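The values are calculated or read from the model by the stated rules, or taken from the named source; none is laboratory data. All figures in this text were calculated on a predicted structure; none of them were measured in a lab. All Cβ positions, glycine included, derive from the backbone under ideal geometry; neighbour counts span all protein chains shown.
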Amino acid sequence: MATAGGNTRVSNLLFGAATIRRCLGSVVSLLVANPAWSQIPLSIEELQVDHGVVKLDFGVTVGQVSQLVSELQWQVLDSGEQPVVYTKVVPRSVHSSMSSLSIRWGVAPGLEVNTSIIAGRQSVPVGVSGHSQSTHHIAQIGASYRLLSEGSWPALLVEASWDVLARDQRFSKQWQQPGDFRLGATLWRSLEPVVLSLTAGYQKQGNNKLGGVTIDTGDSVYVSPRINFAVNHRVTLIGGIGLHLQAASYGADQLLANREHSSSVLLGAGLVPGPRSTLFIYSNMSLGSRSSANVSVNWRYDF
């Protein structure tokens, strides 16, 4: 394309902000807490760190999701004028991986504080044989508090986390304050020989800038019921479903992605490989028209 008064340089960058939020949204963890009966499922024990205990938590998740992705395209003029921005929605198969390292500390009865470093990578096909790859890193702090212990009423735990710093190579090589935070609550009830739980949460997404364009990737909410069954003191079986609602995404006053809802089924197991270690393996698969799946491995060690 040519324009009067100078050459035209056309940039076509894949818009991945909404995509990675939606991928991560499909990997929502369903956590529950400590019931009153004798054999406690491992997933229940690991919801919150006991008073005075420090725990190291390392996790890895890999997955793929097939979905419609918005490509943010713009035309930049050598004359320095504002870029002309437009969008195009195309089907893409997104490959993603994420690893996290957390330190959790039980500072008081029923109160945990934690800090995490999260690293992720995303690969999206571009054109006939190309791929667009991006990485992101997040420094996060969080806390959880047990408001109610199980008795006549179900137990209740509330939690919050905040992304203190983040670096996403699609937007900037510098560490920035993204403004993302999450609020959640979990109810659980023991009905021997199982423990039932219900988790609900809200995630506020901060805005990003891409090529001088402000990207609003949209907030999200989720609801996740789960069943935890202790086979014995070393093995726990876990099953649940997840319901996720993602708000619409906008950029340059244009709609990048419509509001969407998704559902998934989770199957997993908890194991005790050693006296201070706990290992969890999860498989998460989507339900409905959108095809996605991921596998997570999480290892926890008590100091």
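Key figures
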quantity	calculated
Restricting the range 236-253 to residues that are closer than 18 Å to Asn298 by Cα and in contact with a Gly (Cβ under 7 Å, 6 or more places away or on another chain), the residue that is surrounded by the most Cβ atoms within 10 Å (Cβ to Cβ)	Thr236
Looking only at the range 165-196, and only at residues there that are in contact with a Pro (Cβ under 9 Å, 6 or more places away or on another chain) and under 24 Å from Val221 (Cα atoms), the one that is surrounded by the most Cβ atoms within 10 Å (Cβ to Cβ)	Val195
Test: residue in the range 260-279 that is among the small types (Gly, Ala, Ser), at pLDDT below 90 and more than 25 Å from Trp188 (Cβ to Cβ)	yes
Qualifying residue in the range 114-128 (condition: farther than 23 Å from Val62 by Cα, modelled with pLDDT of 90 or more and of a type outside the set (Gly, Ala, Ser))	yes
Positions within the range 249-259 being touching a strand residue (DSSP E or B) at 6+ places or on another chain (Cβ under 6 Å) and either without any contact (Cβ under 8 Å) to a residue 12 or more places away in the chain or not in a strand (DSSP E or B) (or both), in sequence order	Ala252
Test: Thr199 is assigned to a strand (DSSP E or B) and over 21 Å from the mean Cα position of the chain (by Cα)	no
